[in-house]
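Just below is one structure, and these are the notes that go with it.
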């Protein structure tokens with residue numbers, strides 16, 4: 001028998017059976033389905049300090065591996081193993097507003113300083129809480145490890161409670177509760193491989209794409225990075241000057257503002273985001289693609305990129321869950 | 001050696017799932033059944049399906065097959081669509097260089113699920 005920890009409690013499990021079977025036997029309720037390492041329903045997070053057997057992570061995305069995710073049905077109990085169910089993996093902590101900066105197109109950059117230890121990858125998202133009942137998720141546009149701050153892009157939603165508060169009422173020095181991080185839209189390349197990165201999104205879906213691009217560039221990514229920001233009209237784009245400057249500073253970074261209803265004098269690529277993005281897909285088999293923003297567009301981009309040859313494990317997107325009514329947003 | 005081992009086990013499923021699902025999504029006769037379905041969730045389900053028809057370890061039951069396809073049957077899923085899926089399965093295996101005898105065995109396992117899939 002071997003002692004392991006799961007969600008903070010200790011359990012004695014037999015070495016001959018999977019962690020999933022062992023925990024189920026002890027009456028622990030946890031989700032599972034195939035028990036053969038394919039459906040990924042029983043995924044849990046392991047302490048990365050313990051040695052993780054690569055077999056426990058077979059078939060997982062690189063981003064899931066980087067977060068220490070393992071499949072409980074493939075996992076064998078080893079002494080000192082500590083696991084957490086994914087719903088409990090995130091923590092809630094206070095953060096202080098240190099800067100508010102309008103970026104244009106109704107988007108406000110909100111810079112937060114977490115007041116407790118907090119680590120996240122650029123491009124992951126956090127959920128902010130206003131009172132007990134209003135929680136909204138925003139992606140991290142900067143590299144939190146650099147200055148300890150989180151840069152979030154908050155688009156004003158008509159009648160939106162959180163976005164209204166952030167735009168109109170929040171002041172530097174105010175505190176807010178945040179939970180996270182979550183999501184698998186981030187850059188991971190431990191083997192330092194060379195591959196093209198395609199980033200495409202709409203609206204404030206730019207924030208995670210920017211986070212991925214900044215992190216990739218900071219880590220000296222080799223290979224083309226193309227960021228395509230799509231909008232209905234040119235005035236819906238934001239952060240253009242900064243992205244243009246980033247492209248000027250890095251030869252392997254390309255910025256493509258893409259507008260559906262472009263005016264003749266607008267200095268943008270005219271067309272629908274999915275078509276323009278697919279046009280930049282030079283080597284689909286090698287490409288890692290990140291898609292963020294409006295859910296219908298993200299679904300379309302994922303499907304088209306996959307059909308064009310991008311491997312499913314190399315397509316990253318976060319489920320942007322729209323709030324049921326605009327008034328509650 | 002079992003069919004599952006001959007086909008290359010789990011590693012083969014990882015490769016096969018993209019090839020197979022790409023064929024299915026590109027086929028206008030069946031791809032409307034996948035409209036509005038999240039691709040990541042679907043890929044995970046297809047891996048479960050491939051594990052089953054490759055003769056690998058799986059927990060699939062007739063009841064789960066029936067439940068999983070009930071809505072699709074209501075939307076018109078019929079024998080013709082099952083035939084198309086089994087053809088794509090065979091073509092995927094051929095692309096991966098599987099032996100014809102093994103492809104036949106996989107098709108037979110898929111065939112055995114036909115009545116459950118179609119809820120008859």
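We did not get these values from a lab; they are worked out from the coordinates using the rules stated. The shown structure was predicted, so the numbers you read here are calculated from the model rather than taken from an experiment. All Cβ positions, glycine included, derive from the backbone under ideal geometry; neighbour counts span all protein chains shown.
Counting alpha carbon pairs within less than 8 Å and at least 6 residues apart, what relative contact order, in whole percent, applies to the range A:197-322? Don't skip to the end; give the middle numbers.
Details: 217 pairs, mean separation 35.5, N = 126.
Once normalised by length, the contact order is 28 percent.
Sort the range A:209-329 into rounded, prolate or oblate with this rule: let a ≥ b ≥ c be the square roots of the eigenvalues of the Cα gyration tensor; rounded if a/c is under 1.5, and if a/c is not under 1.5, prolate when a/b is larger than b/c, oblate otherwise. Let's see the in-between values first.
Values: a/c = 1.40, a/b = 1.09, b/c = 1.29.
Because its axes are fairly even, with a/c under 1.5, the range A:209-329 counts as rounded.
For B:69, A:250, which order do you get if you count the other beta carbons within 10 Å of each Cβ and list the fewest first? It would help to have the intermediate numbers written out before the result.
Numbers: B:69 19, A:250 15.
Fewest to most other Cβ atoms nearby, the residues stand as A:250, B:69.
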Would you mind checking the tilt of helix A:240-249 against the longest principal axis of the Cα atoms of chain A, expressed as 0 to 90 degrees and rounded to 10? 70
Pick from A:64, A:133, A:267 the residue whose mean-square fluctuation is largest in a GNM of chain A, springs joining Cα atoms under 10 Å. A:133
Given a Förster distance of 22 Å, the FRET efficiency implied by the Cβ-Cβ spacing of residue A:168 and residue A:96, rounded to the nearest 0.05, works out to 0.75
Principal axis lengths of chain A from Cα atoms, whole Å, largest first? 72, 47, 35
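Ranked highest first by the average count of other Cβ atoms within 10 Å around their residues, in what order do A:224-232, B:82-90 fall?
Values: A:224-232: 22.8, B:82-90: 17.4.
Going from most to least packed, we get A:224-232, B:82-90.
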What is the average number of partner chain Cβ atoms found within 10 Å of a Cβ in B:23-30? 1
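Decide, for the range A:2-86, between rounded, prolate and oblate: order the square roots of the alpha carbon gyration tensor eigenvalues as a ≥ b ≥ c, take rounded if a/c falls under 1.5, and otherwise choose prolate if a/b is larger than b/c, else oblate. The partial results should precede the final answer.
Numbers: a/c = 1.57, a/b = 1.21, b/c = 1.30.
Oblate is the answer for the range A:2-86, as a/c is 1.5 or above yet b/c matches or exceeds a/b.
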Percent relative contact order of the range A:2-86, based on C-alpha pairs within less than 8 angstrom and at least six residues apart? 46
So what's the angle, to the nearest 10 degrees on a 0 to 90 scale, between helix B:100-112 and the longest Cα principal axis of chain B? 30
Take the alpha carbon atoms of the range A:258-319, find their center, do the same for the range B:1-31, and report the distance between the two centers in whole angstrom. 25
Inter-chain shielding metric for B:55-61, i.e. average beta-carbon neighbours from other chains within 10 angstrom, reads 4
Dividing the helical contributions, -39500 (n - 2.57) per DSSP H run of n ≥ 4, by the residues of the protein assembly as shown yields a 222 nm value, nearest 500 deg cm²/dmol, of -9500 deg cm²/dmol
Among A:62, A:191, A:46, which one shows the highest mean-square fluctuation when chain A is modelled as a Gaussian network with alpha-carbon springs under 10 Å? A:191
Under 18 Å from a point placed 7 Å out from the Cα of residue B:64 along the Cα-to-Cβ direction: which residues of the range B:77-120 have their backbone N that close? B:109-119
0 to 90° range, to nearest 10: angle between helix A:295-307 axis and chain A longest Cα axis: 70
Please say if the range A:126-282 is rounded, prolate or oblate, where rounded means a/c under 1.5 for a ≥ b ≥ c the square roots of the C-alpha gyration tensor eigenvalues, and otherwise the choice is prolate for a/b larger than b/c and oblate otherwise? oblate
Distance between modelled label sites at residue B:29 and residue A:146, nm, 7 Å Cα→Cβ extension: 5.3
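How shielded is B:10-16 by partner chains, expressed as the average number of their Cβ atoms within 10 Å of its Cβ atoms?
Numbers: counts 7, 2, 0, 5, 6, 1, 0.
Taking all residues of B:10-16 together, the mean is 3.
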Relative contact order of chain A, defined on C-alpha pairs under 8 angstrom at six or more residues apart (%): 14
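Full extension from residue A:190 to residue A:129: what is 0.36 nm times the residue separation minus their Cα-Cα distance, to one decimal in nm?
Details: separation 61, 0.36 × 61 = 21.96 nm, distance 3.38 nm.
Contour length minus Cα-Cα distance gives 18.6 nm.
With 10 angstrom as the radius, rank A:187, A:238, A:32 by how many other C-beta atoms surround their C-beta, starting from the fewest.
Values: A:187 26, A:238 23, A:32 19.
Final ranking by Cβ density, sparse to dense: A:32, A:238, A:187.
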Label-point separation (nm) for residue B:87 and residue A:3, each offset 7 Å from Cα along Cα-to-Cβ? 6.1
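By how many nm would the segment from residue B:1 to residue B:114 lengthen if fully extended, with 0.36 nm per residue of separation less the alpha-carbon distance?
On the way: separation 113, 0.36 × 113 = 40.68 nm, distance 2.64 nm.
Working it through step by step, the gained length comes to 38.0 nm.
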Length gain on complete extension for the stretch residue A:113 to residue A:248, per 0.36 nm per residue less the alpha carbon to alpha carbon distance? 45.6 nm
Among B:49, B:34, B:20: highest mean-square fluctuation, GNM of chain B, C-alpha pairs under 10 Å: B:34
